[in-house]
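Data first, discussion second: the structure below is written as C-alpha cells.
The values are calculated or read from the model by the stated rules, or taken from the named source; none is laboratory data. These figures come from a predicted structure and were not determined experimentally. Cβ placement follows ideal geometry from the backbone for every residue including glycine, while neighbour counts extend to all protein chains displayed.
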Amino acid sequence: MMIELLVFMSHYRITHDRKACIGCGACVSVCPENWEMIEKNGEFKAKPKKLDINEDEYNSNSEASTICPVECIQIEKIKVKKRSAEEMEFSEEDSEDSE
Ligand code: F3S
C-alpha cells in the first residue's frame with residue numbers, strides 16, 4: 001500500500017520601519033536570535049538578522065512585533081509551500097497467515 005505524506009510549512013516576511021524605531025531594545029530582549037541593535041550615526045536602532053522566517057521562528061518574532069511600543073515590526077504570511085512529499089510503503093501482515 002502506498003501512502004503519500006505531504007508536509008506543509010508556513011513562511012512569513014518581516015517588515016521593519018527603521019525610521020519609526022525608537023531603539024528601546026524590547027524586540028532584542030524577547031527574540032535575540034533574530035533581532036540585534038545596530039549603531040548608525042550615533043543612534044542605536046533594531047535590525048532583523050533575516051526578513052524571511054519559517055513557522056518555527058514565527059512565535060518569537062511575533063512576540064517581538066507585539067512588544068514593540070511603536071508597532072514598527074510587521075509580520076505577514078507570504079506563502080505556504082510543500083516541503084516534501086514522501087512515499088511510504090507499508091506491508092500488511094496477516095496474523096492468520098503466521099500460524
Ligand atoms: Fe525598535 Fe521596536 Fe525593537 S522600537 S528596538 S523595533 S521593540
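Against the list (1) without any contact (Cβ under 8 Å) to a residue 40 or more places away in the chain; (2) more than 8 Å from the ligand (Cβ to nearest atom); (3) not in a strand (DSSP E or B), the condition residue 38 fails is (3). When region 1-41 is filtered for residues that are at pLDDT below 95 and either closer than 21 Å to residue 70 by Cβ or among the hydrophobic types (A, V, I, L, M, F, W, C) (or both), the ones remaining, listed by number, are 1, 2, 3, 5, 6, 7, 8, 9, 40, 41.
Consider region 67-77 and keep the residues that are under 15 Å from residue 22 (Cα atoms) and not aliphatic (A, V, I, L, M). The one that is nearest to the ligand (Cβ to nearest atom) is 68.
Pairing each residue of region 43-60 that is within 16 Å of the ligand (Cβ to nearest atom) with any residue that is among the polar types (S, T, N, Q), provided the two are 6+ apart or on different chains, yields C-beta distances under 6 Å for 48/34; 49/34; 53/61. Considering region 41-68 alone, what residues qualify as being under 15 Å from residue 15 (Cβ atoms) and in a strand (DSSP E or B)? Across region 41-68, the qualifying residues are 45, 46, 47, 48, 52, 53.
Looking only at region 17-35, which residues are among the acidic types (Asp, Glu) and either surrounded by 14 or more Cβ atoms within 10 Å (Cβ to Cβ) or within 13 Å of residue 60 (Cβ to Cβ) (or both)? Listed by number, the list holds a single entry, 33.
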